[in-house]
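One structure is given here, and the rest of the page talks about it.
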Amino acid sequence: MNIINFSAGPCQLNKKILETASKDIINYNQTGISICELSHHTEAWKDLYKETIANSIEFLQIPESHDCFFMNGGGTHQFSAICCNLCSQRSKIQVLVTGFWSQKASLEISKFCKVVVVNKESDLVDSCEYDFTYYCENETTIGFEFRNGLNFNPINHFLVCDMCSILGSKFVDIKKYGVIFSSLSKNLGISGSTLIIANKELLSNQNCGTNENIPIVMDWRPSLNLTGPTPSIMSIYMTGLNVKRMIERGGLQYYDNLSIVKSNLFYEYIDNSNGFYFNNIPKQHRSRTNITFSVKDSQNISSLFTNKAKLNGFIGTAHHPSNPDKGCRISLYNSLELDELTQFINFMESFKIDFEKNSLNYIANA
Ligand code: PMP
């Protein structure tokens, strides 16, 4: 059976790049060794790294004003790394909490310095009291997105943004940000590393890295200069393949459009299901990459749906363990094709028709 993977990350990858990777796991680029055996001191690795950075800059349209580099660890790692690199204990950070991931980040940041939590964008304050404002562009667990970024553009401090589950799916005006980070396990590649995009002035500023006691695994500078710990080679290698393919396919313009087409199709389907499937996120904040929904407004029927979907080859449709609504969630990252989503919607329709015919059986089994 063909499996279609709707997981929120690690997530579905394109089959062609998996085939290339499987060859390179045996014999990387005719070197006679596996990509997993490649030393990070070799020219081959340095070339691969440089090419991956160059392609990431091209694909994500990263402006001259910003540097980008990979660092070991995931998005969670950056919750602390941003503090080690940008703050002192006296710092005060404004955090916009809109869901699970910004809440987690807020707790981590509060281990390093003072945090002022705000829950609504309109309550954010542009004050030089704050070193920066932190927010999450797309809350993966509930599917809540700032579709056009924030309207809040501070001039008295800068913005730091978690774009883990959205970077690469839409145009972003990167110039507006001090720092953006995204773990590689979603649109970009596989888990193991995170891409950091940071304003060059900020990186060279005295405030960045004034703390000489930054643990080396948290310090951005060695990663930027390729003098840090052994990099997560497989994760960066897979990102290299994936980003190259995404450029060939039409770049950000193509994926920006595709993510709109896919998410509109899905929201339209559930909105027209007479409440059988239901998404409770305000329309202006509906995520284009992670979509939550309940089935018949019931936790039990939603989990019956998830089980049946799995039997039909659609995996990864269960809610995140933290989602209090306990419904379903699908993720529409870049490697998930429009045709695969259409197949899933057809399945949803047949589930709905079957349920409506045999609701007593379903309720008895729920
Ligand atoms: N932020 C967001 C928005 C995420 O979706 C995730 C992971 N799903 C993280 C942060 C944490 O990333 P990681 O699991 O790579 O530590």
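When ligands, DNA and RNA are left out and all protein chains stay put, how many square angstrom of accessible area per residue does the chain have with a 1.4 Å probe? Provide the component values of the computation, followed by the final result.
Values: 16330 Å² over 366 residues.
Per residue, the chain has an accessible area of 45 Å².
As I understand it, the dipole of the chain uses +1 on the Cβ of Lys and Arg and -1 on the Cβ of Asp and Glu, about the Cα centre. Which of 332, 238, 361 lies farthest toward its positive end?
So the residue we want is 361.
Quick check: at a probe of 1.4 Å, how many percent of the accessible area of the stretch 302-366 sits on carbon and sulfur atoms? Mind dumping the intermediate values first?
Details: 1690 of 3120 Å².
Percent of accessible area from carbon and sulfur atoms in the stretch 302-366: 54.
Just list whichever of 310/357; 16/357; 186/310; 326/357; 50/176; 46/104 have alpha carbons separated by over 29 Å in the model shown. The partial results should precede the final answer.
Numbers: 310/357 21 Å; 16/357 41 Å; 186/310 21 Å; 326/357 25 Å; 50/176 25 Å; 46/104 34 Å.
The pairs that break the limit, which is 29 Å between Cα atoms, are 16/357; 46/104.
Expressed as a whole percentage, what fraction of the accessible surface of the stretch 141-197 belongs to carbon and sulfur atoms when a 1.4 Å probe is rolled over the protein heavy atoms?
Carbon-and-sulfur percentage of accessible area, whole number: 50.
Mind checking the angle between helix 43-60 and the chain's longest principal axis? C-alpha axes, 0 to 90 degrees, to the nearest 10.
Tilt relative to the chain: about 60 degrees.
I need to check one value: relative contact order of the stretch 273-336, counting alpha carbon pairs closer than 8 Å and at least 6 residues apart, in percent. If you can, show how the numbers build up before the last one.
Numbers: 83 pairs, mean separation 22.1, N = 64.
Relative contact order here is 35 percent.
Quick check on the stretch 239-366: what does the Kirkwood estimate of hydrodynamic radius come out to from the alpha carbon pairs, in Å?
Working: mean 1/r = 0.0641 Å⁻¹.
It is 15.6 Å.
Please work out the Kirkwood hydrodynamic radius for the stretch 161-251, using every pair of different C-alpha atoms, and report it in angstroms with one decimal place. Kindly include the intermediate steps, with their values, before the conclusion.
Details: mean 1/r = 0.0690 Å⁻¹.
Result for the stretch 161-251 stands at 14.5 Å.
Tell me the accessible surface of residue 353 in square angstrom (1.4 angstrom probe, heavy atoms of protein chains only), to the nearest ten.
80 Å²
Rounding to the nearest 20 debye, state how big the charge dipole of the chain is about its Cα centre with +1 on each Lys and Arg Cβ and -1 on each Asp and Glu Cβ. Don't jump to the answer; show the numbers that get you there.
On the way: 32 positive and 35 negative charges, 109 e Å.
That gives the chain a dipole magnitude of about 520 debye.
222 nm [θ] for the chain, helices only, -39500 (n - 2.57) per DSSP H run of 4+, per residue, to 500?
Working: 11 runs with 139 residues, N = 366.
Helix contribution divided over all residues of the chain: -12000 deg cm²/dmol.
Return one number: the angle in degrees, 0 to 90 and rounded to the nearest 10, between the long axis of the Cα atoms of helix 100-109 and the longest principal axis of the Cα atoms of the chain.
Once rounded, one gets 20 degrees.
Report in % the part of the accessible area of the stretch 62-125 that belongs to carbon and sulfur, leaving out ligands and nucleic acids; probe 1.4 Å.
On the way: 1420 of 2740 Å².
Reported share for carbon and sulfur atoms: 52 percent.
How much of the calculated P(r) for the stretch 276-348 lies past 20 Å, in percent of all Cα pairs?
Values: 676 of 2628 pairs.
Looking at the stretch 276-348, the distances longer than 20 Å represent 26 percent of pairs.
How far is helix 251-271 tilted, in degrees, relative to the longest principal axis of the Cα atoms in the chain, given as a value from 0 to 90 rounded to the nearest 10?
Rounded to the nearest ten degrees, it is 30.
Please give the direction-averaged projected area of the C-alpha convex hull for the chain, in square nanometres with one decimal. Each step should come with its number before you reach the end.
On the way: hull surface 75.6 nm².
Projected over every direction and averaged, the Cα hull of the chain covers 18.9 nm².
For a Förster distance of 22 Å, can you work out the FRET efficiency between the beta-carbons of residue 23 and residue 175, rounded to the nearest 0.05? Numbers along the way, then the final one.
Working: r = 39 Å, r/R0 = 1.78.
For residue 23 and residue 175, the calculated efficiency is 0.05.
List the equivalent ellipsoid semi-axes of the stretch 16-155 in whole Å, largest first, each obtained as the square root of 5λ for an eigenvalue λ of the Cα gyration tensor. Kindly include the intermediate steps, with their values, before the conclusion.
Values: eigenvalues 281, 59, 48 Å².
Each semi-axis is √(5λ); the values are 37, 17, 16 Å.
The values are calculated or read from the model by the stated rules, or taken from the named source; none is laboratory data. Bear in mind that the values here come from a model prediction, so they are computed numbers and not experimental data. Counting neighbours? That spans all protein chains shown, and the Cβs are built from the backbone with ideal geometry, glycine included. Accessible surface areas use protein heavy atoms only, side chains included; no ligands, DNA or RNA. Shrake-Rupley method; radii C 1.70, N 1.55, O 1.52, S 1.80 Å.
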